[in-house]
Structures are given as C-alpha cells and as structure tokens.
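J.: Have a look at the structure that comes next, please.
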Amino acid sequence: MNKAKRQAVIAGNWKMNKTRPEAKALIEELKPLVKDADCGVVICVPYTNLETALEAVKGSNIKVGAENCHWAKSGAFTGEISADMLAEMGVEYVVIGHSERRQYFGETDQTVNKRVRAALDAGLRVILCVGELLEQREQGITEEICAMQTKVALGGVTKEELSRIIIAYEPVWAIGTGKTATAEQADEVNGFIRGVVAKLYGEEAAQALTVQYGGSMNAKNAEELLGKEHVDGGLIGGASLKAEDFSVIVKAASR
Ligand code: 13P
C-alpha cells in the first residue's frame, strides 16, 4: 500500500568506468530506452564524466549524480571534490558511503556523516549506502550494522532534509559477485532500515523514504526484487554499464 506512494528510483553507479566518448555513447543509447520511465532515473558517473553527462541528458528524464564528495566547502584537500563544486555544475545527486569507499579508502560512519551534511548543505540529493559484510551477516549482526550505519550517517539531518535522502541497502557480499540477496532478504533489511528511520523521524517520514536495494541487481532478477514492499528501486553497478540491461531494470521499476 505505502509502496505506491513512494517514488521508485533506479540509479546507475558507473564506478570507475567509461571515458568521456564512451559515456556519451552510453547515454545516447540509454535516452530513448528510458524516456517513458515511470520512476526516477539517475546515472552516477566518475567526476571526469559529469560535464559530458550533464550535457548529454539535457531535455531527457535522466538525472546526473557523482559518486562521492568531500565534506569541506573548499581548502587544502588535494585530489578531492566538494559538494558545492558539484552543485554549481548542475549535478543533482551524490552517492555517499559506498562500501568500496569504506573498504578501500578508509571511509568511516563519521566521515560518511560529514559528507552527507556537506551534500545537503550544498542542495544535493544523497544516495546513502549502508550494508553488512559477509562475516557480519554470518554472525547475525546485519541489523545492528545497518542500524548503526544509518543512525550515524543521519546525525544532524533534519526531517525536512530527509526528503532529499535515498538509502541504498547494499549487502557487501552481493556487490559485483553475481550473488544477489534473495528478494526476501532485501525486503527484510530494507524494511528494517525503514523502521530505524521511523524511530528517528516518525512513521510518516519513514513511509515516504525511498529505500533501494543494490548488489548484483540485473535485468533478470530486478522484477522480483522490485516487487517487494520495501524495495523502492535499485542502485545498479555492472548492469548500469549496458543501456539495454539498465533500461529493463528501469521498466521493471515503472508502475
Ligand atoms: P553491482 O550491481 O555490480 O553488484 O554493484 C552494485 C553496487 O555497488 C552499486 O552501487
């Protein structure tokens, strides 16, 4: 029932893929395939592709996001990009707290929170990633991990600002492994995360929140996953690099 009231959003996370010509070609192929989508369509691309992507999506229903941002407004942070720099370009979304950032680049719940704050202050929409490692699932602490990551990341975020946040549940063991969570597992944890948000912001705000699933979602399994009450969309890695596959997922989310 409540699912119908929430906006479904399918977001591609291109990760470290595509040169500018390749990015342009992929977007041109994608545009006609998703033009009738009845859900939000976002592509999160490497910094070097942002300008190309913003130009290519003009006049279409595709929104552009970055894959990270720094928490400071500006300053001596060699190699980093601020949220203000993204907003000034016309970028609307930013992925924050992706498990690859946590695993390989020392991202912590605290730095995730600082980046979320900076992104909101710059006027961006945030796709906040949370999810457990395989050993954490096996230890039975999936809920504790997801609750902690969600609560710390949302520290200092107001109820009004929550409307600019999407949470993506991405079990780390399902990312890039071809090993998808079952639709039941995704629904269970997505629903649990919604419950955590309900305790912080109230039931109404939680029911309005878009909670995506990410981790080996593809053209074949999308429909089943997206059919679940608490799965309001997807954050798509590998399958977002193929226009046809990504568009099948977008169609599955359109309702
Ligand atoms: P895959 O779809 O390649 O498993 O990646 C998921 C992901 O990490 C999206 O952010």
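The values are calculated or read from the model by the stated rules, or taken from the named source; none is laboratory data. Bear in mind the structure is a predicted one, so any value in this text is a computation, not a measurement. Counting neighbours? That spans all protein chains shown, and the Cβs are built from the backbone with ideal geometry, glycine included.
J.: So in segment 194-243, with the set limited to residues that are of a type in the set (Lys, Arg) and more than 16 Å from the ligand (Cβ to nearest atom), which one is farthest from MET16 (Cα to Cα)? I'd like the intermediate steps shown before the answer.
T.: Start the filter on segment 194-243 by keeping residues that are of a type in the set (Lys, Arg), which leaves 194, 199, 220, 228, 242.
Retained after the next criterion (residues that are more than 16 Å from the ligand (Cβ to nearest atom)): 194, 199, 228.
Details: ARG194: 30, LYS199: 36, LYS228: 30 Å.
So, considering only residues that are of a type in the set (Lys, Arg) and more than 16 Å from the ligand (Cβ to nearest atom), the one farthest from MET16 (Cα to Cα) is LYS199.
J.: Based on this model, can you work out whether ALA87 counts as away from the ligand (no atom under 16 Å from the Cβ), over 23 Å from TYR169 (Cα atoms) and either of a type in the set (Lys, Arg) or at pLDDT 95 or above (or both)? Break it down into steps so the answer makes sense when it comes.
T.: On the way: away from the ligand (no atom under 16 Å from the Cβ): yes; over 23 Å from TYR169 (Cα atoms): yes; either of a type in the set (Lys, Arg) or at pLDDT 95 or above (or both): yes.
For ALA87, the condition - away from the ligand (no atom under 16 Å from the Cβ), over 23 Å from TYR169 (Cα atoms) and either of a type in the set (Lys, Arg) or at pLDDT 95 or above (or both) - is met.
J.: Select the helices (runs of 4 or more DSSP H) contained entirely in segment 132-223, then report the ones holding at least 3 residues which are within 26 Å of TRP71 (Cβ to Cβ).
T.: Numbers: elements: 134-138, 142-153, 159-162, 183-201, 203-208.
Per the criteria, 142-153, 159-162, 183-201.
J.: Looking at ASN17, ASN13, can you tell me which residue is in contact (Cβ under 8 Å) with a residue 24 or more places away in the chain and under 30 Å from MET148 (Cα atoms)?
T.: Numbers: ASN17 fails: under 30 Å from MET148 (Cα atoms).
Among ASN17, ASN13, only ASN13 is in contact (Cβ under 8 Å) with a residue 24 or more places away in the chain and under 30 Å from MET148 (Cα atoms).
J.: Among the residues in segment 90-102, are any assigned to a helix (DSSP H, G or I) and not basic (Lys, Arg)?
T.: Just the residues of segment 90-102 that are assigned to a helix (DSSP H, G or I), to begin with: 99-102.
Going one step further and asking which of them are not basic (Lys, Arg), we end up with 99-100.
The answer is yes, given that some residue of segment 90-102 is assigned to a helix (DSSP H, G or I) and not basic (Lys, Arg).
J.: Would you please list the contacts, defined by Cβ atoms under 7 Å and residues six or more apart or on different chains, that run from a residue in segment 231-255 that is outside any helix (DSSP H, G or I) and at pLDDT 95 or above to a residue that is among the acidic types (Asp, Glu) and crowded, with 24+ Cβ neighbours inside 10 Å?
T.: Matching pairs, first to second residue: LEU235/GLU170.
J.: Of all residues in segment 149-188, which are closer than 19 Å to HIS230 by Cα, over 17 Å from the mean Cα position of the chain (by Cα), surrounded by fewer than 16 Cβ atoms within 10 Å (Cβ to Cβ) and not charged (D, E, K, R)?
T.: The answer is THR182, and nothing else.
J.: Please work out which residue is farthest from ALA118 (Cα to Cα), limiting yourself to segment 137-148 and to residues that are crowded, with 16+ Cβ neighbours inside 10 Å and hydrophobic (A, V, I, L, M, F, W, C).
T.: Out of the qualifying residues, it is ILE145.
J.: Ok, one more. In segment 21-32, how many are within 23 Å of GLU223 (Cα to Cα) and surrounded by fewer than 16 Cβ atoms within 10 Å (Cβ to Cβ)?
T.: Going through segment 21-32 one residue at a time, the tally reaches 2.
J.: VAL45: surrounded by 19 or more Cβ atoms within 10 Å (Cβ to Cβ), without any contact (Cβ under 8 Å) to a residue 60 or more places away in the chain and touching a Phe, Trp or Tyr at 6+ places or on another chain (Cβ under 8 Å), yes or no?
T.: Working: surrounded by 19 or more Cβ atoms within 10 Å (Cβ to Cβ): yes; without any contact (Cβ under 8 Å) to a residue 60 or more places away in the chain: yes; touching a Phe, Trp or Tyr at 6+ places or on another chain (Cβ under 8 Å): yes.
Yes.
J.: Which pairs have Cβ atoms under 8 Å, sit 6 or more apart or on different chains, and link a residue in segment 139-158 that is within 15 Å of TYR201 (Cα to Cα) and modelled with pLDDT of 95 or more to one that is among the basic types (Lys, Arg) and surrounded by 14 or more Cβ atoms within 10 Å (Cβ to Cβ)?
T.: GLY156/ARG117; VAL157/ARG117
J.: Are any of the residues in segment 74-87 surrounded by 20 or more Cβ atoms within 10 Å (Cβ to Cβ) and part of a loop (DSSP other than H, G, I, E, B)?
T.: Checked against the condition, which is being surrounded by 20 or more Cβ atoms within 10 Å (Cβ to Cβ) and part of a loop (DSSP other than H, G, I, E, B), segment 74-87 yields no hits at all.
J.: In addition: Return yes when ASP38 is more than 16 Å from the ligand (Cβ to nearest atom), surrounded by 15 or more Cβ atoms within 10 Å (Cβ to Cβ) and of a type in the set (Asp, Glu) and no when it is not. Step through it out loud before you land on a result.
T.: Details: more than 16 Å from the ligand (Cβ to nearest atom): yes; surrounded by 15 or more Cβ atoms within 10 Å (Cβ to Cβ): no; of a type in the set (Asp, Glu): yes.
So ASP38 does not fit the description; no.
J.: From GLU132, GLU161, GLU107, GLU170, which residue is within 16 Å of the ligand (Cβ to nearest atom), closer than 26 Å to VAL41 by Cβ and of a type in the set (Asp, Glu)? Spell out how you get there, then give the answer.
T.: On the way: GLU132 fails: closer than 26 Å to VAL41 by Cβ; GLU161 fails: within 16 Å of the ligand (Cβ to nearest atom); GLU107 fails: closer than 26 Å to VAL41 by Cβ.
Of GLU132, GLU161, GLU107, GLU170, the one residue that is within 16 Å of the ligand (Cβ to nearest atom), closer than 26 Å to VAL41 by Cβ and of a type in the set (Asp, Glu) is GLU170.
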